[in-house]
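Visitor: Sharing a structure below in structure tokens format, with a few things to ask.
Rule-based calculations on the coordinates, nothing more; no lab input. All values reported here derive from a predicted model rather than from experimental measurement. Neighbour counts are summed over all protein chains in view; Cβ atoms, including those assigned to glycine, are modelled from backbone coordinates with ideal geometry.
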């Protein structure tokens, strides 16, 4: 005799709906970009020693990637509005794989920077096209959870990347550690073509130009979101860049230990990014925002303390909480922007973020060269405090003043 079949209740189905196949593909795409980016962390100290770099010169590797994002984000957003998502994602996968292989084979510092630049261009088209696709096609009432779950793929990649590259570098060589994400990039470029086949959000008229200057227009509602994102990007990006250096230079960890430590912290951030959509959809966008701000502020304070293992663990743990607001600016774009403008608005948002990132790593490296981790931590705390104050008016949407998304925005 068989018992009654279990059927999940409405609340269970709402919390964990069946994932869409196309969204799973975008999750994998973003995972590959996160793997490629995270692979560099455990290798920084080794690369610095092999090429004889200062901390500031080391930071220029990340600036090269940010420059690529700066150049490509708006074109990638326009492409996302006009072409099927599989086209920019597949081409971006080829570019990311080629750039990563160039970094692995680079005999000198300039070619290392060139590989970072080429890989960054490819990653931009992958991530911008993928995120714009999800935001434009997600149900407005569940946009927060859909976006957070798909974009948590970046954090899953940030977990896999450091662990994989750290182990490969310790067992073989740092150059071999970069070949693995390159292979993944080529693989996802081929896999995405048959799996993501929906049409672009905006259909182009026959014989009309592909792009015009009017395509660069974005709604004014995007401007305060962009300004807030600028304040958030600096300290959050800086902390994730500094943590591997803290472990390698301050605590003398080897690449495998650095990779393991960063992967554990990235795993925690991935989990929090995954569940952040439920927090945003149920308690408000503001709750996710202030969880992010408090985590980043607390991590900055631990950098001010004397270098030690306990401070490293505490700073890494608090940095993980920034995952609760990692997708917030993108979700706000989806909430407040007409669907036909999502791609270009996201492109502008990410371009400004890349402009900030362009200076974050060299600036943090400069502060480390002249003083150490304490001065850098104090600067980060000041910026994140300004972001917390500005976000009170820009984000709003606290539990007592919810702004529920309008289902008609699905267009």
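Visitor: May I ask you to order 65-72, 381-388 by the average number of other C-beta atoms within 10 Å around their residues, highest value first? Please report the intermediate quantities before stating the final value.
Guide: Values: 65-72: 22.6, 381-388: 18.2.
Result, highest mean Cβ count within 10 Å first: 65-72, 381-388.
Visitor: May I pose another question? Classify region 240-362 as rounded, prolate or oblate from the Cα gyration tensor: take a ≥ b ≥ c as the square roots of its eigenvalues, call it rounded if a/c is under 1.5, otherwise prolate when a/b beats b/c and oblate if not.
Guide: prolate
Visitor: How far is the Cα center of region 57-132 from the Cα center of region 271-345, in Å?
Guide: 24
Visitor: Something else about it: May I ask you to list the residues of region 306-339 whose amide nitrogen lies under 19 Å from a point 7 Å from Cα along the Cα→beta-carbon direction of residue 355?
Guide: Within reach of a label on residue 355: 329-330, 333.
Visitor: If packing is taken as the average number of other Cβ atoms within 10 Å across a peptide's residues, how do 345-355, 36-46 rank, most packed first? Show your work: numbers first, answer last.
Guide: Numbers: 345-355: 23.7, 36-46: 26.3.
Those peptides, ordered most packed to least, come out 36-46, 345-355.
Visitor: Let me ask another. Give the peptides 374-380, 151-157, 306-312, 163-169 in descending order of average Cβ contacts within 10 Å, highest first.
Guide: Values: 374-380: 19.7, 151-157: 26.6, 306-312: 13.9, 163-169: 24.0.
In descending order of packing, they fall as 151-157, 163-169, 374-380, 306-312.
Visitor: Which shape class applies to region 249-302: rounded if a/c is under 1.5, otherwise prolate when a/b exceeds b/c and oblate if not, where a ≥ b ≥ c are the square roots of the Cα gyration tensor eigenvalues? Please list the in-between numbers first.
Guide: On the way: a/c = 6.85, a/b = 1.93, b/c = 3.54.
Oblate, since a/c reaches 1.5 and b/c is not below a/b.
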